[in-house]
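A.B. asks: Handing you a structure now.
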Amino acid sequence: MAAQRGGLALSTNAVKHFKYELRGKRRMHKTPAQCEAEACHHWLQDEIDLVRPPALVALGATAARALLGRQVAVTKERGRWHRDPSGRPVLVTLHPSALLRGAPRQRDEAWQA
């Protein structure tokens with residue numbers, strides 16, 4: 001997820017650890033469980049409180065759920081502004097890795113969208 005403050009773009013993660021599975025020599029990211037996101041939420045909230053960004057961008061479903069407190073269908077809600085429980089604006093969009101892993105034709109269409 002990303003935020004902008006005073007002309008600077010800031011970035012953080014909803015979950016503070018990296019879970020993966022090996023595919024050949026590549027480490028493929030695994031989606032964190034909800035309990036893992038909940039366990040890390042206090043750190044995320046502390047970072048937001050410290051930076052006090054005017055708006056947040058949720059890059060993917062894990063970030064959107066962590067910020068909005070509910071499940072989010074990213075493809076349906078992509079590009080729409082929401083409010084987090086504190087009233088801050090949150091823009092939901094796809095995680096960049098979702099675009100990179102897609103089929104080339106779908107990737108081009110997704111970038112355009």
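The values are calculated or read from the model by the stated rules, or taken from the named source; none is laboratory data. Note that this is a predicted model, so its numbers are computed, not measured. Here the Cβ positions follow ideal geometry from the backbone for every residue, glycine too, while neighbour counts run over all protein chains shown.
A.B. asks: Return the residues of the stretch 71-88 that are at pLDDT below 95 and outside any loop (DSSP other than H, G, I, E, B); say none if nothing qualifies.
C.D. replies: Residues satisfying the conditions are 74, 75, 76, 77.
A.B. asks: Quick one: count up the residues across the stretch 18-50 that are in a helix (DSSP H, G or I) and either of a type in the set (S, T, N, Q) or more than 17 Å from the chain's Cα centre (by Cα) (or both).
C.D. replies: Selection size over the stretch 18-50: 4.
A.B. asks: Which condition does residue 91 not pass, out of (1) assigned to a strand (DSSP E or B); (2) under 18 Å from residue 30 (Cβ atoms), if it passes all the others?
C.D. replies: Residue 91 satisfies all of (1) assigned to a strand (DSSP E or B); (2) under 18 Å from residue 30 (Cβ atoms) except (2).
A.B. asks: Exactly one of (1) over 21 Å from residue 34 (Cα atoms); (2) surrounded by fewer than 13 Cβ atoms within 10 Å (Cβ to Cβ); (3) touching a Lys or Arg at 6+ places or on another chain (Cβ under 7 Å); (4) not basic (Lys, Arg) is unmet by residue 79. Its number?
C.D. replies: Every condition holds for residue 79 apart from (3).
A.B. asks: Answer yes or no as to whether residue 70 is farther than 20 Å from residue 34 by Cα, without any contact (Cβ under 8 Å) to a residue 40 or more places away in the chain and among the basic types (Lys, Arg).
C.D. replies: Answer is no for this residue.
A.B. asks: Any residue that is under 23 Å from residue 100 (Cβ atoms) and either touching a residue at least 12 places away in the same chain (Cβ under 8 Å) or not charged (D, E, K, R) (or both) - is there at least one of those in the stretch 37-53? Spell out how you get there, then give the answer.
C.D. replies: At the first step, the residues of the stretch 37-53 found to be under 23 Å from residue 100 (Cβ atoms) are 37.
Add one more test, that the residue is either touching a residue at least 12 places away in the same chain (Cβ under 8 Å) or not charged (D, E, K, R) (or both), and what stays is 37.
So far as the stretch 37-53 goes, yes, one or more of its residues are under 23 Å from residue 100 (Cβ atoms) and either touching a residue at least 12 places away in the same chain (Cβ under 8 Å) or not charged (D, E, K, R) (or both).
A.B. asks: Of the residues 90, 57, which is more than 10 Å from the chain's Cα centre (by Cα) and surrounded by 19 or more Cβ atoms within 10 Å (Cβ to Cβ)?
C.D. replies: 90
A.B. asks: So which pairs qualify, if the first residue must be in the stretch 92-113 and modelled with pLDDT under 75, the second must be small (Gly, Ala, Ser) and part of a helix (DSSP H, G or I), the Cβ gap must be under 6 Å, and the two must be at least 6 apart or on different chains?
C.D. replies: Pairs that qualify, where the first residue is modelled with pLDDT under 75 and the partner is small (Gly, Ala, Ser) and part of a helix (DSSP H, G or I), are 99/110.
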